[in-house]
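Contents: one structure, followed by commentary.
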Amino acid sequence: MAKAREIDHKLDGTEHLNIYSRAQTDLGKALSHFAHTPFCHKEFGNFASMEGFWYWLTRQDESLRHLHGWEAKERGRDLPEVKKWHPERFRQVIMEGNDAKFQRHPEILQALGKTSMRLEHYYVQRYGKDTKVQHAKDSEWLLAYFEGVRKKLNPEADMFHSEKIERRLKAAQVEPDQLSMF
């Protein structure tokens, strides 16, 4: 298994853009699902944040529509999961939510389009004088989504995560002549 690449969190905004509620950049914070960026999903209605929407999808608790930030996460974690989604459908609905967020907040989309640097999603944890960067689990698909959105506005932008997923999918494909001995 390949070792995760080291990221210097101090270079957030200069060498990469961290999408995180505590990012160094306003854009990284605005792209975070924690941000208070109200939107209306075409099928599921109004939400105060993507974090509230994320948890609402599986908890179906109406209070989540009005929450953002840590409050949305904590409330969502405290509630029982009442609806299961097929992973691909869940991801599609989350991307639709982000599309609705961009539609309601075009300034965020425009700012994303002006960037070219690699997009990342990691947490910065501080232990006294020590700092540790922890990559968010299963965030590659969401980073690839943001890259795809940005590519429409900025074709020269970094596409690291999209390309990585594409390489992995190609490597997983088996050539037809390898399926049989004869």
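The values are calculated or read from the model by the stated rules, or taken from the named source; none is laboratory data. If you're wondering where the values come from, they're calculated on a predicted model, not measured in any experiment. Note that each Cβ is placed from the backbone with ideal geometry, even for glycine, and that neighbours are counted across all protein chains shown.
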Can you tell me which residue among 83, 101, 170 is farther than 19 Å from residue 21 by Cβ, basic (Lys, Arg) and touching a residue at least 24 places away in the same chain (Cβ under 8 Å)? 83
Index of the failed condition, residue 23 passing every other in (1) over 19 Å from residue 137 (Cα atoms); (2) among the aliphatic types (A, V, I, L, M); (3) surrounded by 13 or more Cβ atoms within 10 Å (Cβ to Cβ): (1)
Which one is surrounded by the most Cβ atoms within 10 Å (Cβ to Cβ) among residues in region 26-46 that are farther than 17 Å from residue 92 by Cα, in contact with a Lys or Arg (Cβ under 7 Å, 6 or more places away or on another chain) and not small (Gly, Ala, Ser)? 37
Only unsatisfied item for residue 119, checking (1) modelled with pLDDT of 95 or more; (2) surrounded by 11 or more Cβ atoms within 10 Å (Cβ to Cβ); (3) out of contact with any Phe, Trp or Tyr (no Cβ under 8 Å at 6 or more places or on another chain); (4) not in a helix (DSSP H, G or I), is (3)
